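These notes are about the structure you will find just below.
The values are calculated or read from the model by the stated rules, or taken from the named source; none is laboratory data. Just so it is clear, the structure is predicted and the values come from calculations on it, not from any experiment. Backbone-built Cβ (ideal geometry, glycine too); neighbour counts: all protein chains shown. What goes into the accessible areas is simple: the full protein's heavy atoms, side chains included, and nothing from ligands, DNA or RNA. Shrake-Rupley method; radii C 1.70, N 1.55, O 1.52, S 1.80 Å.
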Amino acid sequence: MATSAQPGQLGLAGSAGAEALATSGTASTEGPERPGPLQDETLGVASVPSQWRGVQGIRGETKSCQTASITTAEASVQARKHVDAEVQTEIPEPVSLPSVPRYNGPRLAAFLRKVEAMVTRELNKNWQSHAFDGFEVNWAEQQQTVTCLHTLSYPPAQGQGLHVTGVSWNSTGSVVACAYGRLDDGDWSTLRSFVCAWNLDRRGLSPQQPSAVVEVPSAAMCLAFHPTRPSHVAGGLYSGEVLVWDMSRPEDPLLWRTGLTDDTHTDPVYQVVWLPEPRHSHRFQVLSVAADGKVLLWQGVGAGRLQLSAGFALAVQQLPRNTKLKKPSRGETEVGATAVSFSSFDPSLFVLGTEGGFPLKCSLMAEDAAVTRMPSSVPLRAPAQFTFAPHGGPVYSVSCSPFHRNLFLSAGTDGHVHLYSMLQAQPLTSLQLSHKYLFAVRWSPVRPLVFAAASGEGDVQLFDLQKSSQKPAVSVRQTEDESPVYCLEFNCQQTQLLAAGDAKGTVKVWQLSSEFTEQGARETEHLDQLASEVAS
């Protein structure tokens, strides 16, 4: 413990110390007024307490916080029960094969000689039987109803009030294309139009967004896909032009066009067909049929041009004499052609539908010059060989049977479908399918006795002559407001599909039931009997 001194003592000690230091080293004598000699002195330690700490003080704060409460839960699970089992296989026993008796040659030979006559007789009977003629095995799942698979349209064309004037399937059967135009009254020659195509096998098919769209300068009246090139399609316009497009080239689809020359049709083109060249079967020409009475063959040449290679003209003076026609007015002698169909058995034989209502049997091999004043760069020939009894109005569609060389169908504005034989003028049968126009008729490519017709009352009618020769087997409604159905085509590759176009600007793809795609027994024989009985 330190001892503190008083302030007076501290000052005194300090003075004495100073004096002692001043006289250090000098002898001094003791006296009453002199201090004694220097001596060591032990003094206490002086300590002065700090006032700063008291003034400042010790500043300290204590704080606390609480975290959110932690939720805990307890759960229990029960493990599955496992069962162990043991099996014991048995020792396999050797299988003993039955003993095969030894081959007895003489007895087998005697048996074969005994049954030879009977087996030969039965084989001959089977060989002569026609029970399975035309029968084809179909492993696909049977479809019992006719259903609408797709309803396709192009809104800009519908916005202009355009009709679907033609449909066609490409060579693979996966793409359907349609022509947009007008079939009612009015001058549509300057109307901008479209040709559209949809790939039905494409994932994410959009019914209102075609896979390809081609703009054309005039109303498109018809179109036809190339037989072997899936993307090439030919079309005929209201202006009389014929064009060919490549739908796989969206930026520049036009391949060839006829242009507006003296060879070009002067009236609307109602149908175009691809035909193989006579000397080069792998090369094709385009045949066009128009209301000006000309049937023209076009061949694609360089510089994107279709060149006329052959031509035919229909003149009243050169029609067969059995035709009963009114005298042409104002000296007009041309007969307007409206439809064409080629024979599946004779590539030079074709049937024309006319505005006069009578079908004509014609030939590409005709040699007589046509009596006409129409200009042409190639000589025009007269193709008509035979005239059939007329409809009550213009013929809009003809279709040759793919299963019989002498049969064809025609449909006209009188609402009737006529079944003709090439061997006689009068129709074999006449069916009234509509009280309005009939715009299209087509034979089935797989059923000899089945055909379809497009009605002016908005129906697609399917006929099966094996079941009835007067009533349709199925009639499906294409348009709800009874707008006309203008065109239809069977799909030759996917035979269960049928496409039809209407005045509402839509194309409907119908899936046919199995009864319209599977050929029955003796169906071809029935078709032969139908043709021979009435023609005799």
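Under the convention that each Lys and Arg Cβ holds +1 and each Asp and Glu Cβ holds -1, the size of the dipole of region 170-229 around its Cα centre is about 340 debye. First compute the accessible area of region 205-319 with a 1.4 Å probe, then give the percent of it belonging to carbon and sulfur atoms. About 48 percent, which is the carbon plus sulfur part of the accessible surface.
Accessible area per residue for region 412-536 in Å², computed with a 1.4 Å probe and the full protein assembly in place, what is it?
37
Residue 405 exposes around 130 Å² of accessible area when a 1.4 Å probe is run over every protein chain in place.
What a 1.4 Å probe finds exposed on region 344-447 is 52% carbon and sulfur by accessible area, rounded to a whole percent.
Pairwise Cα distances in region 475-536 exceed 13 Å for 71 percent of all pairs.
Computed from label points 7 Å out along Cα-Cβ, the spacing between residue 126 and residue 215 is 6.6 nm.
How large is the charge dipole for region 188-299, taken about the Cα centre, if only the Cβ atoms of Lys, Arg (+1) and Asp, Glu (-1) carry charge, to the nearest 20 debye? Show your work: numbers first, answer last.
Details: 9 positive and 11 negative charges, 80 e Å.
Roughly 380 debye for region 188-299.
Note on residue 130: accessible area is roughly 100 Å² with a 1.4 Å probe, heavy atoms of protein only.
Could you list log10 I(q)/I(0) for region 374-448 at q = 0.11, 0.12, 0.15 Å⁻¹, which the Debye formula gives when each Cα is one point scatterer? Calculated log10 I(q)/I(0) at the listed q: -0.34, -0.40, -0.58. Of the residues 238, 396, 486, the one with the largest accessible area comes first in the ranking 396, 238, 486, computed with a 1.4 Å probe on protein heavy atoms. Tally Lys/Arg at +1 and Asp/Glu at -1 over every other residue whose Cβ is under 11 Å from the Cβ of residue 472; what's the total? Summing Lys and Arg as +1 and Asp and Glu as -1 gives 0.
Taking the square roots of five times each eigenvalue of the Cα gyration tensor of region 388-536, the equivalent ellipsoid has semi-axes of 24, 19, 12 Å, listed largest first.
Report the extension gain between residue 66 and residue 310 in nm, rounded to one decimal, defined as 0.36 nm multiplied by the number of residues separating them, less their alpha carbon distance.
Numbers: separation 244, 0.36 × 244 = 87.84 nm, distance 10.16 nm.
So the extension gain works out to 77.7 nm.
Counting charges near residue 242 (Lys, Arg +1; Asp, Glu -1) among other residues having Cβ under 12 Å from its Cβ returns a value of +1.
Using a probe of 1.4 Å, the accessible surface attributed to residue 422 totals some 10 Å² when neighbouring protein chains are kept in position. Computed from the C-beta positions of residue 345 and residue 492, the FRET efficiency with R₀ = 25 Å rounds to 0.90. Positive contributions from Lys and Arg (+1) and negative ones from Asp and Glu (-1), summed over other residues with Cβ under 13 Å from the Cβ of residue 383, come out at +1.
Its Cα gyration tensor gives region 231-360 an equivalent ellipsoid. The semi-axes, each the square root of 5 times an eigenvalue, are 28, 17, 12 Å from largest down.
Note on exposure: 229, 257, 107 ranked by accessible area (1.4 Å probe, complete protein assembly) read 107, 229, 257, with the most exposed listed first. By the Cα gyration tensor, region 182-274 has an equivalent ellipsoid whose semi-axes, rounded to whole angstrom, run 24, 16, 11 from largest to smallest.
Working from label points 7 Å from Cα in the Cα-to-Cβ sense, the residue 373 to residue 529 distance is 5.6 nm.
Taking 523, 116 and ordering them by how much accessible surface each has at a 1.4 Å probe, largest first, produces 116, 523.
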